[in-house]
Amino acid sequence: MMEQTLAILKPDAVRKKFSGAILARYEKEGFRICALKTRLLSKAEAEGFYAVHRERPFFASLVDFMVSGPVILVVLQKENAILAHRQLMGATDPAKAEKETLRALYGESIEYNAVHGSDSAETARFEIPYFFSTVEIVG
Ligand code: GDP
């Protein structure tokens, strides 16, 4: 099934100039970049985006991190894009991520882990319109 998923190149990856390498990897792995923009998230935007994690002990720290610098928001399209992107990202903790995954290559800690990816079709349906209007997405 052709799917779209939301990827975020997080502030750590952008700061370290890994954006080009990560975007190149997406194309190499057969994803099409349907939409892309650089944004500095507001605190309210980051809190709303991660609302499901509101009760987690790391929520405040995660929000502070996500607003600490520009992020690059990307809509990726491919057959089974959601799972394919999760596999390409690797485990949340870069130390536990498979070799050659984005988090193993570019992440530095369980929080500063370089990329975000929608984890289900339901999540993607919330996350993509959270940042992009339909006219911005070339499917
Ligand atoms: P993901 O779907 O793999 O991104 O992981 P989660 O949805 O569980 O967590 C969202 C984000 O919160 C992660 O990507 C990390 O940036 C951060 N995070 C997750 N677990 C922890 C943790 O135990 N400690 C800290 N400080 N941050 C975490």
For segment 1-29, how many residues meet the condition of being part of a loop (DSSP other than H, G, I, E, B) and either under 14 Å from the mean Cα position of the chain (by Cα) or under 23 Å from P129 (Cα atoms) (or both)? 3
Of S42, S61, which residue is among the hydroxyl-bearing types (S, T, Y) and either crowded, with 16+ Cβ neighbours inside 10 Å or within 10 Å of the ligand (Cβ to nearest atom) (or both)? S61
Considering only segment 102-112, I want to know if a residue exists there that is touching a residue at least 60 places away in the same chain (Cβ under 8 Å), under 16 Å from L6 (Cβ atoms), part of a helix (DSSP H, G or I) and within 13 Å of the ligand (Cβ to nearest atom). yes
Mind counting the residues in segment 1-52 that are more than 15 Å from T101 (Cβ to Cβ), aliphatic (A, V, I, L, M) and touching a residue at least 40 places away in the same chain (Cβ under 8 Å)? 8
Out of the residues in segment 113-123 meeting the condition of being touching an Asp or Glu at 6+ places or on another chain (Cβ under 9 Å) and assigned to a loop (DSSP other than H, G, I, E, B), tell me which one is nearest to Q87 (Cα to Cα). S118
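The numbers here are math on the coordinates, done by the rules we state, and not lab data. These numbers come from a predicted model, not from an experiment. Note: ideal-geometry Cβ built from the backbone for every residue, glycine included; neighbour counts use all protein chains shown.
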